[in-house]
1. Any idea which of PHE313, PHE288, PHE253 is outside any helix (DSSP H, G or I), within 16 Å of the ligand (Cβ to nearest atom) and open to solvent by less than 30 Å² (accessible area, probe 1.4 Å)?
2. Within the bounds of region 397-416, is there any residue that is within 17 Å of the chain's Cα centre (by Cα) and open to solvent by 10 Å² or more (accessible area, probe 1.4 Å)?
3. Can you name the helices (runs of 4 or more DSSP H) wholly within region 370-442 that have at least 2 residues being within 16 Å of the ligand (Cβ to nearest atom) and assigned by TED's automatic domain parsing to the domain that holds ASP477?
4. Quick check: anything in region 309-328 under 30 Å from ILE423 (Cβ atoms), in contact with a helix residue (DSSP H, G or I) (Cβ under 8 Å, 6 or more places away or on another chain) and not aromatic (Phe, Trp, Tyr)?
5. For residues that are in contact (Cβ under 8 Å) with a residue 60 or more places away in the chain and of a type in the set (S, T, N, Q), scanning just region 23-70, find the one that is nearest to TYR6 (Cα to Cα).
6. Take the conditions without any contact (Cβ under 8 Å) to a residue 24 or more places away in the chain and more than 18 Å from GLY84 (Cβ to Cβ) and apply them to GLY126. Does it pass?
7. Which of the numbered conditions does GLU107 fail, given that it passes all the others? Conditions: (1) touching a Ser or Thr at 6+ places or on another chain (Cβ under 9 Å); (2) more than 17 Å from LYS168 (Cα to Cα); (3) modelled with pLDDT of 95 or more.
8. Return the residues of region 44-80 that are within 18 Å of PRO176 (Cβ to Cβ), open to solvent by less than 10 Å² (accessible area, probe 1.4 Å) and assigned to a loop (DSSP other than H, G, I, E, B); say none if nothing qualifies.
Amino acid sequence: MSGNFYKQKVLILDFGSQYTQLIARRVREAQVYCEIHPFNISIEKIKTFSPMGIILSGGPASIYEINAPNVDRQILDLKVPVLGICYGMQFLTHLLSGIVSKATDREYGNAAMTIEDNRDLFYGFGISDQETVWMSHGDRIDRMPEGFVALASSKNSPIAAMADASRKFFGVQFHPEVAHTPEGHRVLKNFLFRICGCEPSWTMASFVRRTIRKQRERIGEDRVICGLSGGVDSSVTAVLLHKAIGDRLSCIFVDNGLLRRGEVQDVMEVFQEYYGMDLHLVDASERFLSCLKGISDPEEKRKIIGREFIGVFEQKAKELGSAKYLAQGTLYPDVIESVSFKGPSATIKSHHNVGGLPETMKLKLIEPLRELFKDEVRQVGVELGLPREMVIRQPFPGPGLAVRILGEVTRDRLEILRSADVIVLEEIRKAGLYEKVWQSFAVLLPVRTVGVMGDERTYENVIAIRVVDSLDAMTADWTRIPYEVQARMSNRIINSVKGVNRVVYDISSKPPSTIEWE
Ligand code: XMP
């Protein structure tokens, strides 16, 4: 466990709910450090972690199933407050010999809940107040364990919340962590501050201070190499380490020829000129484009780009010599995914990240952001003085524009796509949408269509525009951007990008589509 560095910590035991990460984000937003671990973590590990409170997440199982997820019952002897949410509450009930029963109907959606006791968990709420809460459960509590009292009820859940205040055990049937429970954050804060006695001390300013100190100690006089892509995660990683060890950090920026217009100059300006970093630009565009010649298959493209990236990076790193560490911008969701008891989700696209590098290069990994969620990384970026445009940047895939040019990637096609992409982003920014949407970009299709320009028949390329809303890229919906914005994009692209005579708007959600077209 990594978190012993922070004094006040909350442990979230994951029973597999789709909302577990949201619980963690709400706790962090309340400025309390927390970590998610699988429900079956050993009691010794829990003790070493020494949490101020434990939250049991929801989950898809029913406690009556054979092999229903089970936590070591010794967690109840630790004298640490426990909050069970949904399945977590049912599990707690079962463990303490209460009765959980199968509800005749699954309760799913908003419910009106009446507060009956406002001493601890609902402190600050009024008795008899009606609160809107989000429910999603099949089983429900029929009889509370001994010592418990009901705190709230809804039509389908007579015991919507319960407490044994003397032992500091609490359960809620609803999901306080989701936005559909508008006052849920107050319930969580009551648990954290009033019941567990935490203080709001987890701030990004303190994270920056501690991380710089910790990395300085760990790295000593050694050297670190970091791959910089211009994305938020690698940029924040590099600046953080630069603050810690200055010139002993060398950054490598590989221009694979698949970047957007102006990207290389922007990155060089910020990191070399503004921060004065030891930054090495490798122009490998020729190499990448010649390897991609004649290749149309999406997976093959990704594999080639991944392989060449490793080749170029390794070669440059060797030239720079003598580094002991490789820094990477791994984030907390990647860490959770890799320890999750559900196992890694199926590979739909092979994502090329720097992940494969350390084994071949025999470098030790440094991942200063591995405890952070994306929004926290952005705040760290702000703390470190990174330009706002860099901090709020939309995600951009490692294989770059290659996965947005369907079919063969050529210099000419890259130029068409770059020109269209600039227009899409300009119009999205002008409409004030850049920070509201998850991603917005152009895609060049491998078909040509007939058009008419002046009196002439044309036979040219099609650009698709993709704009999506998403919270974490796992699911996404196409953004209903105003028709006027679509019209401006289309007019400008067709009028000014040579080789394009048609623009279409992508109206597919993920799933079943994906965000990128390849
Ligand atoms: P998909 O297309 O799978 O994309 O819905 C989900 C998110 O991941 C980004 N993406 C990538 N990021 N390397 C990356 O670093 C990749 O190979 C890659 N492919 C897709 C995509 O832009 C979206 O945000």
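The values are calculated or read from the model by the stated rules, or taken from the named source; none is laboratory data. These numbers were taken from a predicted model, which means no experiment stands behind them. FYI the Cβ positions are ideal-geometry reconstructions off the backbone, even for glycines, and counts take in every protein chain you see. We work out accessible area using only protein heavy atoms, side chains counted, and drop any ligands, DNA or RNA first. Shrake-Rupley method; radii C 1.70, N 1.55, O 1.52, S 1.80 Å.
1. PHE253
2. Of region 397-416, the ones within 17 Å of the chain's Cα centre (by Cα) are 397-398.
Filter once more, keeping what is open to solvent by 10 Å² or more (accessible area, probe 1.4 Å): 397-398.
Yes.
3. Numbers: elements: 374-383, 388-391, 411-430.
It comes to 411-430.
4. The answer is no, given that none of the residues of region 309-328 is under 30 Å from ILE423 (Cβ atoms), in contact with a helix residue (DSSP H, G or I) (Cβ under 8 Å, 6 or more places away or on another chain) and not aromatic (Phe, Trp, Tyr).
5. Across region 23-70, the extreme among qualifying residues is GLN31.
6. yes
7. Here GLU107 meets the rest and fails (3).
8. SER57, GLY58
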